[in-house]
Every structure is written in structure tokens, then in C-alpha cells.
Amino acid sequence: MIKVLWIDDQPNTAFIDRADTKGIYIDNKTNVDDGIASLCASAIYDAIILDANCIAHPNGSNEPDISALTYALRKITEHKITTPWFVYSGGGFSGEESIDTTVKAYERDYDDKLWYKKPGEMGLLFDKIKNVATDSNFYKLKAKYPEIFSWY
């Protein structure tokens, strides 16, 4: 099963259930700081899904903000996290037009789509995650030696 960290302040069970039917296990964190902490605490993920309009800090404002995407990508870079990431957002909020610019500022060669729109592109997102994750050397190693990685 592909293990994915989903950083979204408003997770929904339909998304998680649909991912499960595609062989994708979703671990949700409702703010960027908790998600980055999970990534740094030896949790092994095959991919990351970022909500563009999310909450950055657990003790901060409870209002989602587009700056959380920039913050998340900066933290991923600072911590040298190489896990492939994808942006999945509903759009329709102030600052939506900056998603493209923000994503373009961070190089990634595994996906030419800048972001996926909720909920219509859910299937596209899952397909891309499966393709990218199962093609990685790390995933292949986990599949070859599941007993070693089972305790993670």
C-alpha cells in the first residue's frame, strides 16, 4: 500500500475512502507544522498532498491561508525532504491565482501539473501519486523487503 501524508485543515472521509480503494493509505494532519513534524519524525511516506489554502500552525489562526502552501514548501526544502509532493485544492479563495507561481518556484520533475482541483481531479491525483510512488527506488525497496519496513 502507498502511504501518503495529506496536510489539509478540512479532511473528508470520502477522499480518504476513495484513496483506500486505489491502494493509497492517507495519514492526515490538519496543519503544516504537524505535517512537517510527522515527516521529520521518521515516518515513511511515499508522497505528500498539500492543500493550498490551509492552516500553517496549530496555535495560530484557525483561518486557512494561501501563505500556508509557501510555508509548507519552504519547510520541505529546509528539511531536505525528498518525498514527492502534490497540491490539491478547491480554489475559489483569495490568492488562488498565486498557486501556479508558488509551485513553479520549487523544481520537481515528476509532475508537470502544478495543482489538482478538488474534487474533480481526485482520480487524476491518485493516478499520478501511484505512478510516481511505485516508480521510486524507495517504494521498490519497501516492496522487496516488507519485513524490514513493517515496523514503521
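The values are calculated or read from the model by the stated rules, or taken from the named source; none is laboratory data. Note that this is a predicted model, so its numbers are computed, not measured. Neighbour counts run over all protein chains shown; Cβ positions are idealised from the backbone, glycine included. Accessible surface is based on the protein model in full, side chains and every heavy atom, while ligands, DNA and RNA are left aside. Shrake-Rupley method; radii C 1.70, N 1.55, O 1.52, S 1.80 Å.
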For residues in the stretch 101-127 being charged (D, E, K, R) and touching a Pro at 6+ places or on another chain (Cβ under 9 Å), which is nearest to Arg18 (Cα to Cα)?
Asp111
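Do we find a residue being in contact with a helix residue (DSSP H, G or I) (Cβ under 8 Å, 6 or more places away or on another chain) and of a type in the set (Val, Ile, Thr) anywhere in the stretch 12-23?
Taking every residue of the stretch 12-23 in turn, none turns out to be in contact with a helix residue (DSSP H, G or I) (Cβ under 8 Å, 6 or more places away or on another chain) and of a type in the set (Val, Ile, Thr).
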Any residue in the stretch 52-67 that is open to solvent by less than 30 Å² (accessible area, probe 1.4 Å) and closer than 30 Å to Leu141 by Cβ?
no
Any residue in the stretch 97-114 that is under 15 Å from Asp65 (Cα atoms) and touching a residue at least 40 places away in the same chain (Cβ under 8 Å) sitting within a Cβ distance under 9 Å of a residue that is aromatic (Phe, Trp, Tyr) and open to solvent by 60 Å² or more (accessible area, probe 1.4 Å)? List the pairs, counting only those 6 or more apart or interchain.
none
Scope the stretch 7-30; condition open to solvent by 10 Å² or more (accessible area, probe 1.4 Å), within 13 Å of the chain's Cα centre (by Cα) and closer than 22 Å to Leu73 by Cβ; matching residues
Asp9, Pro11, Ile26, Asp27, Asn28, Lys29, Thr30
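Table: residues versus (1) assigned to a helix (DSSP H, G or I); (2) closer than 23 Å to Val132 by Cα; (3) touching a residue at least 40 places away in the same chain (Cβ under 8 Å).
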residue	(1), (2), (3)
Phe15	yes, yes, yes
Ala19	yes, yes, yes
Ser38	yes, yes, no
Ile49	no, yes, yes
Ala72	yes, yes, yes
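Here's the yes/no breakdown for (1) within 19 Å of Asn12 (Cα to Cα); (2) modelled with pLDDT of 90 or more:
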site: Ile36; (1), (2): no, yes
site: Ile44; (1), (2): no, no
site: Asp51; (1), (2): yes, yes
site: Thr70; (1), (2): no, yes
site: Arg74; (1), (2): no, yes
site: Ile81; (1), (2): no, yes
site: Pro84; (1), (2): no, yes
site: Gly90; (1), (2): yes, no
site: Ser94; (1), (2): no, no
Pair list, Cβ < 9 Å and 6+ apart or interchain, from the stretch 131-148 residues that are open to solvent by 70 Å² or more (accessible area, probe 1.4 Å) to residues that are charged (D, E, K, R) and not in a helix (DSSP H, G or I):
Phe138/Asp46
